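**Q** Before we start, here is the structure in question, set down as structure tokens.
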Amino acid sequence: MAKITASVYTSHVPAIGAALDLGKSNEPYWRPVFQGYEYSKQWIKENPPDVIFLVYNDHATAFSLDMIPTFAIGTAASFTPADEGWGPRPVPVVQGHPELAAHIAQSVIQQDFDLTIVNKMDVDHGLTVPLSLMFGQPQAWPCPVIPFAVNVVQYPVPSGQRCFNLGQAIRRAVESFDRDLNVQIWGTGGMSHQLQGPRAGLINREFDKAFLDRLIADPAGQAAVPHIDYVREAGSEGIELVMWLIARGAMDDVNGGKPPILKHRFYHVPASNTAVGHLILENQQETS
Ligand code: DHB
Ligand code: FE
């Protein structure tokens with residue numbers, strides 16, 4: 001059967017992608033950001049997933065005010081990096097996993113979560129920047145990716161609690177797929193940032209640190225935090241953090257299993273307008 005072995009959490013700041021694409025990752029401003037991912041690049045080489053279920057948000061790229069799916073699963077065979085105004089990033093096309101994606105859609109919808117099925121979609125920095133941070137600049141991404149887009153841009157947005165519950169449903173869906181696959185689930189976006197209005201530039205280190213602590217040790221408690229608290233404390237784009245609860249909800253301990261192992265934790269301010277946060281949590285191996 002397929003199994004979720006680990007979850008990865010990371011910010012997705014577009015300027016990080018641009019820094020990498022333009023060969024600036026060694027500049028003094030960017031070096032500390034990329035250093036925070038050195039361990040992670042080695043870890044993922046040693047723990048290569050067969051498939052990544054990548055929770056992210058589209059930034060009015062594939063979707064617009066014309067159509068606003070709360071939760072959308074990418075079921076296509078491939079996804080092209082989007083042109084976000086400066087041409088598409090020079091990164092590989094993302095290969096999907098249509099069979100697993102269709103199975104997850106079937107299972108999660110039957111568990112009473114309404115997903116939008118997306119058979120054609122371009123993917124923006126929300127998805128490609130996390131891949132770049134974890135894999136660097138390969139000729140091809142090393143494994144298929146199932147894009148899972150969450151609306152955290154246009155109100156109303158889903159609550160952290162709904163995201164956490166959805167993660168549990170995704171876990172059940174993955175684990176009922178009848179093939180031996182090592183699946184990682186990634187939660188992306190955040191941490192605190194606000195891009196517009198009088199509070200533009202807002203960063204809240206205390207909130208971010210408490211979020212990381214609680215996501216690791218008390219995810220059910222963190223899931224109960226209402227969405228408006230993220231907006232108030234972490235800025236209008238800090239709401240992206242609810243997506244991390246989807247990945248966290250899919251881990252073993254939430255389903256009565258053992259607590260995950262914290263493999264890596266990183267926090268850095270600033271990158272562009274954003275606090276960068278990053279975690280790797282591994283499920284404990286089953287002993288038979
Ligand atoms: C920035 C951060 C984001 O999450 C985003 O989607 C766009 C821009 C920034 O910090 O500039
Ligand atoms: Fe964003």
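The values are calculated or read from the model by the stated rules, or taken from the named source; none is laboratory data. Everything numeric here is computed off the predicted structure, so don't read it as measured data. All Cβ positions, even for glycine, are placed from backbone atoms using ideal geometry, and neighbour counts span all protein chains on display. Side chains included, ligands, DNA and RNA excluded: accessible areas come from the protein's heavy atoms. Shrake-Rupley method; radii C 1.70, N 1.55, O 1.52, S 1.80 Å.
**Q** Label residue 77 and residue 218 with points 7 Å out from Cα along Cα→Cβ: what is the distance between them in nm?
**A** 4.9
**Q** Going by average Cβ neighbours within 10 Å, how do the peptides 44-57, 253-266 rank, with the highest at the top?
**A** Highest mean packing first, the order is 44-57, 253-266.
**Q** Grab the Cα-Cα distance for residue 154 and residue 284, subtract it from 0.36 nm times how many residues apart they are, and report the gain in nm with one decimal. If you can, show how the numbers build up before the last one.
**A** Details: separation 130, 0.36 × 130 = 46.80 nm, distance 3.72 nm.
So the extension gain works out to 43.1 nm.
**Q** Taking a 20 Å limit on the Cα-Cα distance, which of the listed pairs 3/258; 24/263; 45/258; 45/120; 3/209 fall beyond it? Display every interim value, and only then the final one.
**A** Values: 3/258 15 Å; 24/263 27 Å; 45/258 24 Å; 45/120 30 Å; 3/209 29 Å.
From the list (3/258; 24/263; 45/258; 45/120; 3/209), the Cα-Cα distance tops 20 Å for 24/263; 45/258; 45/120; 3/209.
**Q** Applying the Karplus parametrisation 6.51 cos²θ - 1.76 cosθ + 1.60 with θ = phi - 60° to the phi angles of segment 152-169, what ³J(HN,Hα) value in whole Hz is obtained for each residue in order, glycine and proline being reported as x?
**A** 10, 9, 10, 6, x, 9, x, 6, x, 5, 5, 5, 4, 5, 4, x, 5, 5
**Q** Rounded to the nearest 500, what is the chain's calculated 222 nm mean residue ellipticity when only DSSP H runs of at least 4 contribute -39500 (n - 2.57) each, over all residues?
**A** Working: 10 runs with 96 residues, N = 288.
Roughly -9500 deg cm²/dmol at 222 nm, from the helical runs in the chain.
**Q** Would you pull out the residues with amide H under 5 Å of residue 264's amide H, same chain only if 5 or more places away, H placed 1.01 Å from N?
**A** Correct list: 280.
**Q** Related question: Say each of residue 258 and residue 66 gets a label point 7 Å from the Cα, pointing the same way as Cα to Cβ; how far apart are those two points in nm?
**A** Distance between label points: 5.0 nm.
**Q** Here's something else I'd like to know. If you put +1 on each Lys and Arg Cβ and -1 on each Asp and Glu Cβ, how big is the dipole of segment 3-282 around its Cα centre, in Debye rounded to 20? Intermediate values should be presented prior to the final figure.
**A** Working: 20 positive and 28 negative charges, 97 e Å.
So the dipole magnitude of segment 3-282 works out to roughly 460 debye.
**Q** Take the chain, drop everything but the C-alpha atoms, weight them equally and run the Debye formula without solvent; then report log10 I(q)/I(0) at 0.11, 0.15 Å⁻¹ to two decimals.
**A** Relative scattering, expressed as log10 I(q)/I(0), comes to -0.56, -1.14.
**Q** Just to check I understand the Karplus step: with θ = phi - 60° and J = 6.51 cos²θ - 1.76 cosθ + 1.60, what whole-Hz values come out for segment 198-204, glycine and proline as x?
**A** With coefficients 6.51, -1.76 and 1.60, one gets x, 9, 3, x, 4, 9, 9 Hz.
**Q** So for the chain, taking the charge dipole from beta-carbon charges (+1 Lys/Arg, -1 Asp/Glu), which of 193, 115, 92 sits furthest toward the positive end?
**A** Checking the options against the dipole of the chain, the answer is 193.
**Q** Residue-wise, which Karplus ³J(HN,Hα) couplings in Hz belong to segment 207-223, taking 6.51 cos²θ - 1.76 cosθ + 1.60, θ = phi - 60°, and x for glycine or proline?
**A** My calculation for segment 207-223 gives 4, 4, 5, 5, 4, 4, 4, 6, 4, 5, 9, 9, x, 5, x, 5, 5 Hz in order.
**Q** What's the carbon and sulfur percent of the chain's accessible surface, probe 1.4 angstrom, rounded to a whole number?
**A** Numbers: 6330 of 12170 Å².
Reported share for carbon and sulfur atoms: 52 percent.
**Q** Using the basic label-point model (7 angstrom from Cα toward the beta carbon), what is the residue 210 to residue 172 distance in nanometres?
**A** Rounded to a tenth, the inter-label distance reads 3.2 nm.
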